[in-house]
Amino acid sequence: VKVGNQKIIVTVDPTDISRFVAIPKPSRSSDIKDITIDEQTEALRLASEVFISGKKLGSAAHPSLNGQVTAFKEGVLAVGGVNWEEKRKVMYSLIRYPKWDTNFQETLPFECPASYTQQAMQ
C-alpha cells in the first residue's frame, strides 16, 4: 500500500495469521526511512480493507492454491471459501526420484559433463 510518499508492505504474520505486519518496501536506494506509528496504522487500515474484500492468489506455494481468492472475514482466513486451517493440509513432493529401470543420466534435471561423475553413476 502507499501511505503518503512511502510504499509499505503489509503481510500476514506466518506464526499468527490474525496479526498483520507492516514494513517499508525494500529498494536499492540507501535512504530507506523507518515508518512512523501513524503510517503503520494507516497502512494496516488500507491493507485490512484489501484482506477483507479478498485477493486472488497468483504465485502460491502449491499449484492447487493458484487463482483462488483469499479473504480474511470475522477473524478467520479463508482460501477459496475454505478455512485456512483445513486448506493448508496439502502435501507436495519436492523430491524427484530417479527411474531406476532407465538410464540414470536421463532422469537428472541437469548435465554432468565431468567424466568422473558419469562413471560414478554407472
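The values are calculated or read from the model by the stated rules, or taken from the named source; none is laboratory data. Not measured: the values here are computed from a predicted model. Positions of Cβ are generated from backbone atoms using ideal geometry, with glycine treated the same way; all protein chains shown enter the neighbour counts. Side chains are part of the model used for accessible areas, which takes the heavy atoms of the whole protein and leaves out ligands, DNA and RNA. Shrake-Rupley method; radii C 1.70, N 1.55, O 1.52, S 1.80 Å.
Just need a number here: residues in region 46-76 that are under 19 Å from ILE8 (Cβ atoms), exposed (fewer than 12 other Cβ atoms within 10 Å of the Cβ) and in contact (Cβ under 8 Å) with a residue 24 or more places away in the chain.
0
List every residue pair whose Cβ atoms lie under 8 Å apart, where the two residues are 6 or more positions apart in sequence or sit on different chains, the first residue falls within region 34-45 and is closer than 12 Å to LYS2 by Cα and part of a loop (DSSP other than H, G, I, E, B), and the second residue, located anywhere, is of a type in the set (A, V, I, L, M) and open to solvent by 70 Å² or more (accessible area, probe 1.4 Å).
ILE35/ILE23
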